[in-house]
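**Student:** Mind having a look at this structure? Questions to follow.
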Amino acid sequence: MSAARSKVLLLLPAVAVFALLLVAPILMVLDESFRAFEPGRIGSVQGASLTLANYAELLLPAYVQYFAQTYFLAFCASVVAVFIAFPISYCIARTESPSTRKASLSAIVGLMFLSALVRVYALELTFGSAGVLSPVMSFMNINPNGRQYINFVIVAGLLHYAIPMSILILFGAIQNLDPRLIEAAQSLGASALSSHITVTLPLCTRGIFSAFVVSMTLGVSAFIIPWILGRGRVLFISNLIYTRFSEVADYPSGAAISIVMMVLSLLMIFSMSRLATSFERT
Amino acid sequence: MFSTRRQFLKSATSAAALGASGSLATTVGARAEDTITAVDWGGNYANEIKKLAAKQSDIKVNWQLHAGGAMAILPKIKAKWPNPGIDLLTGWDPSWQMIAREGWAEPVTTERVPNLADIPHKLLVKDGSGNVINIPRTISAMVWFYREDIAPFPITTLDDLLDPRLKGKICFPVPSLGSNLQMLSLALHKGGDERTMEPAWEFMKKLARSGNIGRIANADTDITTSITSGETCLSIQGASAPIERARNFKIRILSKMDKESGFRTFIYHEGWCVLKGGHTDAAFKFANFAIAPETNAEFNRAISGVPVNIKSKVSDEIKPITFNNEEMERFAYIPDWAFLSTQTDAWMKRWEQEIAPLL
């Protein structure tokens with residue numbers, strides 16, 4: 001009994017901080033999302049009437065498209081990131097030299113410290129329509145002003161974060177994998193490829209899903225990458241939220257978008273978690 | 001940072017001494033009143049106003065910069081109200097309207113700002129109680145302009161924006177930037193005005209479908225970067241920026257074009273308001289210093305703006321945005337700012353729903 005009480009007491013400070021800094025602001029956002037907005041004012045006025053209009057507006061095809069676009073591009077970036085990160089993580093985890101492993105991990109962690117603006121403008125200066133590769137693209141008959149091309153550059157921007165993060169997550173999963181299991185499979189006649197597919201990958205499922213979910217989270221919440229690389233023509237949900245709060249001061253609408261985004265993200269994490277569990281069972 | 005322990009201790013002691021003297025000064029109660037927090041635009045504006053502030057010693061200014069457009073700071077002020085931590089806030093016509101509605105500004109009088117007497121009264125904005133809330137410092141204009149060195153042909157009318165030769169070469173601002181004066185231009189050209197924007201939306205749809213828009217600007221910096229990098233060649237912006245760019249690039253400012261061209265010039269003014277609850281007397285004192293004839297002329301010469309003080313001299317470089325009465329009639333347009341400030345939200349949503357999907 002006393003042990004249970006101690007646990008509760010130990011948890012109390014963390015719960016208090018969590019409630020104060022996360023739950024309370026989210027409740028305020030939730031309340032704001034149901035308030036009517038008076039044009040020309042900053043946020044909802046005191047005593048503003050309750051309304052569902054801020055949510056109803058998001059059912060318009062244009063907004064459904066913004067959500068779909070955000071999740072689709074984040075999904076593409078996450079899939080590519082996991083595909084690229086896995087072999088790199090595998091190599092680092094299986095490197096025999098501890099110093100090479102340390103140096104590789106330090107380099108990956110170091111990448112995370114590079115400013116977002118530096119990465120974004122580096123991509124813009126390279127792949128933008130006035131970038132250094134512009135003549136090459138022109139020669140290859142690629143239109144740098146086309147929508148698909150802009151989407152490609154945004155995905156490249158998202159990969160700047162998703163790949164290092166996925167490598168770090170997958171590194172843990174691969175390192176925890178007992179290499180004797182693969183040796184056993186191969187000693188029983190499995191080829192390198194089939195032992196990789198039937199032993200390594202299934203045992204890394206949880207890590208792969210974790211890397212994917214974290215990459216998705218980074219992608220969906222990306223702000224500066226679509227803001228700059230999207231040239232204002234491709235907007236992510238974060239950009240819409242920023243515009244609502246900061247540029248037009250329509251807090252209720254911005255709050256409604258935020259709540260919908262949060263619910264969708266929670267649903268995504270829940271589904272991915274279920275999917276990972278079912279994969280592990282099979 | 002500290003190479004030796006002694007050095008560290010020395011610095012720590014100095015910091016402690018500074019802290020102690022600071023708190024002593026606060027107790028005495030004299031210094032705090034003389035230090036204000038002011039928010040100004042970045043780039044040239046910030047550099048020049050700091051130079052100006054250095055020429056006086058009565059008021060110490062803790063400078064902060066706007067992040068994004070003039071509206072972006074208003075939600076932050078609301079979140080911190082009634083203690084915004086800002087004494088002097090720069091803004092322009094549309095933001096004054098919103099500040100007036102919120103009742104945040106300290107009333108401005110000639111007793112508190114004597115130099116206000118030399119500023120045209122037409123520039124003063126009043127709140128619901130009839131109090132003046134702004135201290136103008138610069139008259140400027142939103143102008144269309146293009147880079148002649150990279151434009152594929154001389155651009156003479158707004159209809160040229162649909163020319164296929166301008167594929168990907170236009171930098172068009174979103175409606176929340178510049179109070180949507182860019183679309184007001186389109187409306188005026190097609191027979192509408194700020195209250196009849198339908199013709200502008202129709203033109204905008206054609207423009208979006210044409211593929212001529214290379215970048216949608218969300219902030220002034222987007223325009224500057226896009227134009228100077230050569231990504232796009234044509235845009236609309238507050239005149240200071242294109243006038244400054246014209247020192248290094250071959251830029252044609254379309255500020256004095258006939259009405260038929262559609263390239264209208266929108267006159268606006270920038271300035272300060274003093275927020276309630278802070279160091280209001282010191283803020284008024286600094287603003288009064290900054291709008292004196294010489295200081296106002298010096299600042300505006302540096303930022304390529306027109307001084308508001310009628311006793312200030314005007315530099316030659318800003319001729320594109322100086323108008324006599326006849327020119328005002330022919331080239332300029334002063335919109336209904338109060339109305340514009342209530343439309344941004346609706347226009348932005350319509351943009352997201354009807355224009356952005358076409359880009």
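The values are calculated or read from the model by the stated rules, or taken from the named source; none is laboratory data. All values derive from a computational prediction rather than experimental measurement. Reconstructed Cβ throughout: ideal geometry from the backbone, glycine too, with neighbour counts over all protein chains shown.
**Student:** I need the full set of residues from region A:127-162 which are among the β-branched types (Val, Ile, Thr) and modelled with pLDDT under 90, in order please.
**Tutor:** Going residue by residue through region A:127-162, those that are among the β-branched types (Val, Ile, Thr) are A:132, A:136, A:142, A:150, A:153-155.
Matches in region A:127-162: A:132, A:136, A:142.
**Student:** Please note which helices (runs of 4 or more DSSP H) are completely contained in region A:188-282 and include at least 1 residues that are of a type in the set (Phe, Trp, Tyr) and more than 20 Å from residue B:351 (Cα to Cα).
**Tutor:** Values: elements: A:192-195, A:205-220, A:224-229, A:237-242, A:251-281.
By residue number, A:205-220, A:251-281.
**Student:** Any idea how many residues of region B:189-216 are away from chain A (no Cβ under 14 Å), farther than 11 Å from residue B:161 by Cβ and buried (at least 22 other Cβ atoms within 10 Å of the Cβ)?
**Tutor:** So the answer is 2.
**Student:** Test residue B:255 against the stated conditions and say whether it is crowded, with 21+ Cβ neighbours inside 10 Å, under 18 Å from the mean Cα position of the chain (by Cα) and assigned by TED's automatic domain parsing to the domain that holds residue B:180.
**Tutor:** Judged against the criteria, residue B:255 is a match.
**Student:** Looking at B:262, B:271, which is the one that is out of contact with any helix residue (DSSP H, G or I) (no Cβ under 7 Å at 6 or more places or on another chain) and either within 23 Å of residue B:72 (Cβ to Cβ) or touching a residue at least 24 places away in the same chain (Cβ under 8 Å) (or both)? Steps first, please.
**Tutor:** On the way: B:262 fails: out of contact with any helix residue (DSSP H, G or I) (no Cβ under 7 Å at 6 or more places or on another chain).
Answer to the selection: B:271.
**Student:** Here is a list of conditions, (1) in the same structural domain as residue B:40 (by TED's automatic domain parsing); (2) over 30 Å from residue B:153 (Cβ atoms), and residue B:325 meets all of them except one; can you say which number that is?
**Tutor:** Exception for residue B:325: condition (1).
Listed here are the residues, each with its yes/no results for (1) modelled with pLDDT under 90; (2) farther than 25 Å from residue B:76 by Cβ.
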| position | (1), (2) |
| --- | --- |
| A:4 | yes, yes |
| A:11 | no, yes |
| A:15 | no, yes |
| A:28 | no, no |
| A:38 | yes, no |
| A:43 | yes, no |
| A:46 | yes, no |
| A:56 | no, yes |
| A:75 | no, yes |
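**Student:** Please specify each residue of region A:27-58 satisfying the condition of being exposed (fewer than 13 other Cβ atoms within 10 Å of the Cβ), under 23 Å from residue B:346 (Cα atoms) and away from chain B (no Cβ under 12 Å).
**Tutor:** A:47, A:49, A:50, A:52, A:56
**Student:** Would you confirm whether any residue within region B:64-75 is more than 23 Å from residue B:176 (Cα to Cα), under 23 Å from the mean Cα position of the chain (by Cα) and at pLDDT 90 or above?
**Tutor:** Taking every residue of region B:64-75 in turn, none turns out to be more than 23 Å from residue B:176 (Cα to Cα), under 23 Å from the mean Cα position of the chain (by Cα) and at pLDDT 90 or above.
**Student:** Then there's this: Pick from A:93, A:77: which is over 30 Å from residue A:225 (Cα atoms) and either within 11 Å of chain B (Cβ to nearest Cβ) or buried (at least 16 other Cβ atoms within 10 Å of the Cβ) (or both)?
**Tutor:** A:93 is the lone residue from the list that is over 30 Å from residue A:225 (Cα atoms) and either within 11 Å of chain B (Cβ to nearest Cβ) or buried (at least 16 other Cβ atoms within 10 Å of the Cβ) (or both).
**Student:** Looking at region A:225-233, is at least one residue small (Gly, Ala, Ser), more than 14 Å from every other protein chain (Cβ to nearest Cβ) and free of Cβ contacts under 8 Å to residues at least 12 places away in the same chain?
**Tutor:** Kept after step one, since they are small (Gly, Ala, Ser), are these residues of region A:225-233: A:230, A:232.
Checking the rest, the ones that are also more than 14 Å from every other protein chain (Cβ to nearest Cβ) come to none.
Scanning region A:225-233, I find no residue that is small (Gly, Ala, Ser), more than 14 Å from every other protein chain (Cβ to nearest Cβ) and free of Cβ contacts under 8 Å to residues at least 12 places away in the same chain, so the answer is no.
**Student:** Please pick out the residue among B:165, B:137 that is crowded, with 24+ Cβ neighbours inside 10 Å and of a type outside the set (Val, Ile, Thr). Can you show your working first?
**Tutor:** Values: B:165 fails: crowded, with 24+ Cβ neighbours inside 10 Å.
Step by step, each of B:165, B:137 is checked, and only B:137 is crowded, with 24+ Cβ neighbours inside 10 Å and of a type outside the set (Val, Ile, Thr).
**Student:** Look at residue B:220 and say whether it is surrounded by fewer than 24 Cβ atoms within 10 Å (Cβ to Cβ), modelled with pLDDT under 90 and either at positive phi or within 13 Å of chain A (Cβ to nearest Cβ) (or both). Step through it out loud before you land on a result.
**Tutor:** Details: surrounded by fewer than 24 Cβ atoms within 10 Å (Cβ to Cβ): yes; modelled with pLDDT under 90: yes; either at positive phi or within 13 Å of chain A (Cβ to nearest Cβ) (or both): yes.
In short, yes.
**Student:** Quickly run through region B:324-351 and pick out the residues that are out of contact with any Asp or Glu (no Cβ under 7 Å at 6 or more places or on another chain), crowded, with 18+ Cβ neighbours inside 10 Å and away from every other protein chain (no Cβ under 12 Å).
**Tutor:** Across region B:324-351, the qualifying residues are B:331, B:333.
**Student:** From B:357, B:293, which residue is within 14 Å of another protein chain (Cβ to nearest Cβ) and modelled with pLDDT of 90 or more?
**Tutor:** On inspection, the qualifying residue turns out to be B:357.
**Student:** Restricting attention to region B:217-276, which residues are of a type outside the set (A, V, I, L, M), out of contact with any Phe, Trp or Tyr (no Cβ under 6 Å at 6 or more places or on another chain), under 22 Å from residue A:231 (Cα atoms) and in a loop (DSSP other than H, G, I, E, B)?
**Tutor:** Selection gives B:218, B:230, B:231, B:232.
**Student:** Next question. Across region A:123-139, what is the number of residues that are assigned to a helix (DSSP H, G or I) and exposed (fewer than 15 other Cβ atoms within 10 Å of the Cβ)?
**Tutor:** Kept after step one, since they are assigned to a helix (DSSP H, G or I), are these residues of region A:123-139: A:123-127, A:134-139.
Filter once more, keeping what is exposed (fewer than 15 other Cβ atoms within 10 Å of the Cβ): A:125-126, A:135-136, A:138-139.
Total meeting the criteria: 6.
**Student:** Does residue B:124 fit the bill of being more than 15 Å from residue B:252 (Cα to Cα), touching a strand residue (DSSP E or B) at 6+ places or on another chain (Cβ under 6 Å) and surrounded by 15 or more Cβ atoms within 10 Å (Cβ to Cβ)? Let's see the steps before the verdict.
**Tutor:** Working: more than 15 Å from residue B:252 (Cα to Cα): yes; touching a strand residue (DSSP E or B) at 6+ places or on another chain (Cβ under 6 Å): yes; surrounded by 15 or more Cβ atoms within 10 Å (Cβ to Cβ): yes.
For residue B:124, the condition - more than 15 Å from residue B:252 (Cα to Cα), touching a strand residue (DSSP E or B) at 6+ places or on another chain (Cβ under 6 Å) and surrounded by 15 or more Cβ atoms within 10 Å (Cβ to Cβ) - is met.
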